[in-house]
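Visitor: Take a look at this one; I'll ask things after.
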Amino acid sequence: MSDHQGVPVRALPVAEGLLLRPFEEADLPALIEAHRDETLRHFTRRPVDDAESASRWLARQREGWAAGSRYSYAVLDAAVPDTAGAELLGNVALKCGPLPSVAEVGYWTAAPARGRGVAPRAVEVLTAWAFETFAASGLERIDLLHQVDNEASCRVAEKCGYRFEEVLSALPPDYPLDGHRHARKRLDAPQHRRPE
């Protein structure tokens, strides 16, 4: 069990036009729509297809918060004052495993929001929050993993100061291709880096 329990469910600071807050029921139609994109589906292990799978997905996110194992955020356009009506631009999550010293960041960007710097800004905010929030628990490193054919994720990793560490072997069926592991360490991480 992780030492990351007891973190309040709350929004994160605004990141240059983005608001990060926990997912809500009102986000489910936009979540389903985002998962219709073939590129997102290619890189997602469990795509959301309908209202039932969206509800299961949301339940897993809430269970993750309660267990201290996963902190998932809806990435929204901060220009819209009412977050319930804001455009869902993506998702960013911190995944905590059995070792409190290591976590993983995961994310996706909705097709209409790609090319606008959404992923780097969201990953940067989540990274800074994670290192600050879990410093007392001993968090030292956050990994960013992606398939070798996901060149966009390589660029996001580089922009956010996640250094390439190694090639990971494929583990079918969930990970059919080799992958990259990038990592950012707490002590050498720039805390207030501005992604491009």
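The values are calculated or read from the model by the stated rules, or taken from the named source; none is laboratory data. Small disclaimer: the values here were computed from a predicted structure and weren't measured. Cβ sites come from the backbone with ideal geometry, for glycine too, and all protein chains shown count toward neighbours.
Visitor: Residues in the range 173-195 that are modelled with pLDDT of 90 or more, farther than 17 Å from ARG141 by Cα and in a strand (DSSP E or B): how many? Step through it out loud before you land on a result.
Guide: First, pick out the residues of the range 173-195 that are modelled with pLDDT of 90 or more: 177-186.
Narrowing the set further to residues that are farther than 17 Å from ARG141 by Cα leaves 177-179.
If we keep only those that are in a strand (DSSP E or B) as well, we get 179.
The number of residues fulfilling the criteria is 1.
Visitor: Could you say which residue among ALA128, ALA103, ALA93 is assigned to a strand (DSSP E or B), within 15 Å of the chain's Cα centre (by Cα), under 13 Å from LEU12 (Cβ atoms) and in contact (Cβ under 8 Å) with a residue 12 or more places away in the chain?
Guide: The unique qualifying residue is ALA93.
Visitor: Looking at GLU52 and the list (1) of a type outside the set (Gly, Ala, Ser); (2) within 15 Å of the chain's Cα centre (by Cα); (3) modelled with pLDDT of 90 or more, which single condition is not satisfied?
Guide: (2) is the only condition that GLU52 fails.
Visitor: Got a number for residues in the range 14-44 being under 21 Å from PRO173 (Cα atoms) and under 14 Å from the mean Cα position of the chain (by Cα)?
Guide: Residues meeting the conditions: 3.
Visitor: Out of all the residues in the range 67-90, which are in a loop (DSSP other than H, G, I, E, B) and under 15 Å from ALA11 (Cβ atoms)?
Guide: ALA78, VAL80, PRO81, ASP82, ALA86
Visitor: In the range 14-49, what count of residues is obtained for those that are at pLDDT 90 or above, surrounded by fewer than 16 Cβ atoms within 10 Å (Cβ to Cβ), outside any helix (DSSP H, G or I) and not basic (Lys, Arg)?
Guide: 2
Visitor: Look through GLU165, GLU158 and report the one residue that is among the acidic types (Asp, Glu) and in contact with a Phe, Trp or Tyr (Cβ under 9 Å, 6 or more places away or on another chain).
Guide: GLU158
Visitor: So, one more: Kindly list the number of the only condition in (1) within 21 Å of ALA15 (Cα to Cα); (2) surrounded by fewer than 23 Cβ atoms within 10 Å (Cβ to Cβ); (3) not hydrophobic (A, V, I, L, M, F, W, C) that fails for SER169.
Guide: All conditions are met except number (1).
Visitor: Related question: Would you check which residues across the range 90-109 are more than 12 Å from ASP77 (Cα to Cα) and of a type in the set (Gly, Ala, Ser) and list them?
Guide: ALA93, GLY97, SER101, ALA103, GLY106
Visitor: Still on this structure: Keeping to the range 131-172, report how many residues are in contact with an Asp or Glu (Cβ under 8 Å, 6 or more places away or on another chain), part of a loop (DSSP other than H, G, I, E, B) and among the charged types (D, E, K, R).
Guide: 0
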